[in-house]
Structures are given as C-alpha cells and as structure tokens.
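The values are calculated or read from the model by the stated rules, or taken from the named source; none is laboratory data. Just so we're clear, the structure is a prediction, and the values are computed from it rather than from any experiment. Because the Cβ atoms are built from the backbone with ideal geometry, glycine has one as well, and the counts that use them run over all protein chains shown.
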Amino acid sequence: MSTYTNEQVARLVDGSLDWETTFRMLSMPKDGSRFEQYLAALQAQVKFPDRIVLPLGPHLYIVQSAKTKQWVTQCDCGHVFGDYRENWKMHAHVYVRDTEAAMTEVYPKLMAPDTKWQVYREYYCPSCGTMHDVEAPTPWYPVIHDFEPDIETFYKEWVHMPLPERAG
C-alpha cells in the first residue's frame, strides 16, 4: 500500500504540492510503489506513446520506443537523441560560452570565470530548444558523459517492478 496518492505524487512532479506534504514526502523513507507512481505521473505529462523507463532530468528520459522496443534517450517533445548507452549530448545543440562577452551574460563582469580556464557548454534539444544540461569544464576537456545507468540492476534490486523488455 502506498503512503501517498497518485494525485499527490503527480502534484509533486508538477510543482503544485503544498510545502508541508512535500517536506514530509521528501524526508520520510520511500514506500515500494513510489517509483511506479512517479513514472505514471511523468508519463501523464508527455505526449509521446513511448514508455518512460528512467528519468534522466526534468525533461529528459530513457524510454522504450513504442515502435522498435529499443531503449533510447528522449526529450519531452519526443525528440530522440539515440541509444541510451550513447552520450546523448553528442546529438544535442550546444552553445559554448567561451568569450568574456558570453560569460557576462550569465555573471557580472568581475565575477565571470576566466575563459582560458573554464567555459560553459549548454546542451539544448534540437527540436524544442529545452536546455537539458550545462557543463563547466576547461576549454580542452572532452564532452562529459554523465553516466550510463545499470537499468536492469536498478529495477531488480531497488524498485522491484517488471522491467520493460527491450529489443536487441
């Protein structure tokens, strides 16, 4: 049995849950059905038919493609970045803040980082323009692959719910 209703979890996801319930929900141990409720709330917000397997960020997911049954990284808008094991950033639009002028759009002039030592890379969805990530590496550093989740282990050992079968 769930401690919270599906409506409460959905309101948490969309940011409209009252603070007292939010605080209680975040500070108490999660019950067994919370992840399933969370996925259902996320799924209700998107317009694509693909099943969300794992959220990666506020508007980015690993989904099971309704057509191919493969797991891919996908934006809210439905844009597919490719196989979930690949670095999705390699298929995003990137804006690199590598000049003083570009950095001072974010920071006041005397507080901006030195662009010889640090740049900002902003990663956007090529279809809808949603910003999915920002990196702040040295200029020569390669694109960061944040992580490759072990989805099978996560489902088996943590959420105890059926894992969507994938093709190939």
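What the table below lists for this structure:
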read-out: Test result for Y107, modelled with pLDDT of 95 or more, over 21 Å from V13 (Cβ atoms), of a type in the set (F, W, Y) and surrounded by fewer than 15 Cβ atoms within 10 Å (Cβ to Cβ); value: no
read-out: Test result for L17, among the hydrophobic types (A, V, I, L, M, F, W, C), crowded, with 17+ Cβ neighbours inside 10 Å and free of Cβ contacts under 8 Å to residues at least 12 places away in the same chain; value: yes
read-out: Selection count, region 21-38, where residues are free of Cβ contacts under 8 Å to residues at least 40 places away in the same chain, over 10 Å from Y4 (Cβ atoms) and not aliphatic (A, V, I, L, M); value: 5
read-out: Criterion (part of a helix (DSSP H, G or I) and over 29 Å from C128 (Cβ atoms)) met by exactly one of F23, F35; value: F23
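Listed here are the residues, each with its yes/no results for (1) over 22 Å from A40 (Cβ atoms); (2) out of contact with any Asp or Glu (no Cβ under 9 Å at 6 or more places or on another chain); (3) outside any loop (DSSP other than H, G, I, E, B); (4) touching a residue at least 60 places away in the same chain (Cβ under 8 Å).
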site	(1), (2), (3), (4)
T73	no, no, yes, no
G82	yes, yes, yes, no
P137	yes, yes, no, no
I144	yes, no, no, no
E152	no, yes, yes, no
